[in-house]
Every structure is written in C-alpha cells, then in structure tokens.
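See structure below.
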Amino acid sequence: ALPLVEALGHNSTLISLELGDNHFGDEGIKELSNVLAINTTLCSLNLHGNNIGDDGAVSIANMLYLNSTLTSIELGVNEVKDSGAIALAEALRANTTLATLNLYYNKIGDVGAKAFAKNLRKKITVTVEELVNLITEEAEKIELNVNSEVTQMLTGNTQLTSIGLRDLASTLQMNTNLSSLELGKNLSSILRHHTVLTSLTPLEFTVDDGIFRTNNTLTEIHLGGNEIGVSGATAISQMLSYNTNITNVQLSGNRVTPEVSKTIENQVKTQKRQFL
C-alpha cells in the first residue's frame, strides 16, 4: 500500500478512489488515513473487502475529524465490530461533509448501532443526576488544574469557578420542580461529549443542539448484514425521529424481528425515506 499512499500524498486532482477487494488491513488503512486527513480533493473512497478491523476503523474515524472533502465512504465486507463503529459514529459529529457511509456485512452489533443512533440524533437529553455528575467532574478538574482552559467558565454573564460549579450542582440536586434549563454556551462544553445519555431519573433536560456539535450532512447509512438486534434497531428508529436529514437507511440481514423491522419501515415511509 505504501507506494500508492505516497503517490496520493502528492496528488491534487483525484476525486474518486476505488480500492475494493485488496488487502490493506489495519496498518495499510492507517497509512492511507494519515494522507487523507490532509487531502483536499478526494470525494469518494471505496475500501470494500480490505480486511479492515476496529483499529482500521479508528484510523478512518480520526481522519474524518480533519478531512473536509470526502462525501462517500464504502467500508462494506470488512471486520469492523462495535468499538470501530463507536469511533466512526463519534467522528460523524465533527465531520461536516460525509453524506454516505456504507458498513454492510461487517460485525457491528447493538452497541455499535446505538452509537450511531446516539451521535446522529438532533435532540440531546440529560437527566438531573447526569448533569450534576458532569458538573461535579468538571469542578474537580478545575480544582486539580487538569485543564487550564476550563479554570473559569461563563453561563450568560455569570463567571463560574469550581465553587460556582459545585453550588450549581447542589442547587440542581435540591430543586424538585425544575423542568427546563438553559445552559450558556461555554458551560455546555461540559456536556459536549455526553450526548443522549441514558435516562436515570424521570426529569430530563432538553438542550438546544445548536450548543453542541452535531452531524448535518449524512443522508445515507447502510448497516445491512451485521449483527444488530432489536435494541440496536430500535435505537436507530428513535434517532430517525429527530434526524430528518437521513433519507436512506439499510438494516436488512440483521437480527431484527419482523415486527421491529416493519415498525421502522413504516416510520421511514411516513417520513418519505428509503428503508432497505
């Protein structure tokens, strides 16, 4: 793979690269990803059948944080499992160009499917308990001076030190009537990497997704022929209620019951999307 990767590093005109059914493996994909991270012309990448596992998927995910031209990536018939899927799903929140991601016939299960559902949602909810825990963690970082960039935060015009954060956490714990909370932009950075947390209490806060980095470009996601069960498919279905950008969803050939599959299909059709 090295000569091709070196050549690609000097190329400034190629817009499509077909590398299906080769033997790049994770190491070759790592080399390729390093070059693509700074490439400014390539739009379409086919890596079908290249023995790519989780390590290779992580390399591609890291590339997606930096690449701003790729619109389509084909990763079908590889060996990507849940941890690789999680890395790719998280990268989608930062990427601003990718429209199509094909991961059919890999080994992604419910955990990976839920990661895509989590990171492609447009509505972010956190519970009181989760919010208190996150704010307390941030206060501890400030006190330990782990991150100098957050030694002070702003919410509106109020300056918050670690003491202020702890006071806020205490207030939230004691308040039993609060039904909504507006977070200032900087304070919300506490939650930037904590989207769609599992509900622990009945009371939930809905945080405007404008505060968070969310994916606005992906329109097609193909997850057919994986190991996704009912819980993963249900999570994808719920995500589609919030994300109207996605118009084509493929989940065929998974471990989804006919009932759940029909529910998702009906939802997609109602929203004038394509479900396969």
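The values are calculated or read from the model by the stated rules, or taken from the named source; none is laboratory data. The structure displayed is predicted, hence computed values, not measured ones. With ideal geometry, Cβ positions are generated from the backbone for all residues, glycine too; neighbour counts draw on all protein chains shown. Surface accessibility is based on the protein's heavy atoms, side chains included, excluding ligands, DNA and RNA. Shrake-Rupley method; radii C 1.70, N 1.55, O 1.52, S 1.80 Å.
Quick check: anything in the range 79-86 closer than 22 Å to Leu19 by Cα, at pLDDT 95 or above, open to solvent by less than 20 Å² (accessible area, probe 1.4 Å) and under 12 Å from the mean Cα position of the chain (by Cα)?
In the first step, residues of the range 79-86 are kept if they are closer than 22 Å to Leu19 by Cα; the result is 79-81, 84-85.
Remaining after also requiring at pLDDT 95 or above: 79-81, 84-85.
So of that shortlist, the ones also open to solvent by less than 20 Å² (accessible area, probe 1.4 Å) come out as 80, 84-85.
From the residues that got through so far, the ones that are under 12 Å from the mean Cα position of the chain (by Cα) too are 84-85.
Checked the range 79-86: at least one residue is closer than 22 Å to Leu19 by Cα, at pLDDT 95 or above, open to solvent by less than 20 Å² (accessible area, probe 1.4 Å) and under 12 Å from the mean Cα position of the chain (by Cα).
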Practice task
May I ask you to list the residues in the range 31-56 that are part of a helix (DSSP H, G or I) and either touching a residue at least 60 places away in the same chain (Cβ under 8 Å) or farther than 14 Å from Val80 by Cα (or both)?
Solution key: Glu31, Leu32, Ser33, Asn34, Val35, Leu36
Fill in the blank from the handout: The number of residues in the range 57-77 that are of a type in the set (A, V, I, L, M), touching a helix residue (DSSP H, G or I) at 6+ places or on another chain (Cβ under 9 Å) and either assigned to a loop (DSSP other than H, G, I, E, B) or open to solvent by 10 Å² or more (accessible area, probe 1.4 Å) (or both) is 4
Problem - Checking Ile221 against (1) of a type outside the set (Asp, Glu); (2) at pLDDT below 85; (3) buried (at least 20 other Cβ atoms within 10 Å of the Cβ), the condition it does not meet - result: (2)
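Which residue is modelled with the lowest pLDDT, if the candidates are limited to the range 253-266 and must be in a loop (DSSP other than H, G, I, E, B) and under 13 Å from Gly232 (Cα atoms)? Spell out how you get there, then give the answer.
As a first pass, look at the range 253-266 and keep what is in a loop (DSSP other than H, G, I, E, B): 253-257.
Subsequent filtering for residues that are under 13 Å from Gly232 (Cα atoms) retains 254-257.
Details: Asn254: 92, Arg255: 91, Val256: 87, Thr257: 82.
If we take residues in the range 253-266 being in a loop (DSSP other than H, G, I, E, B) and under 13 Å from Gly232 (Cα atoms), then Thr257 is modelled with the lowest pLDDT.
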Exercise for the section: Evaluate the following for Glu18: is it under 27 Å from Thr247 (Cα atoms) and in contact (Cβ under 8 Å) with a residue 40 or more places away in the chain? Expected result: no
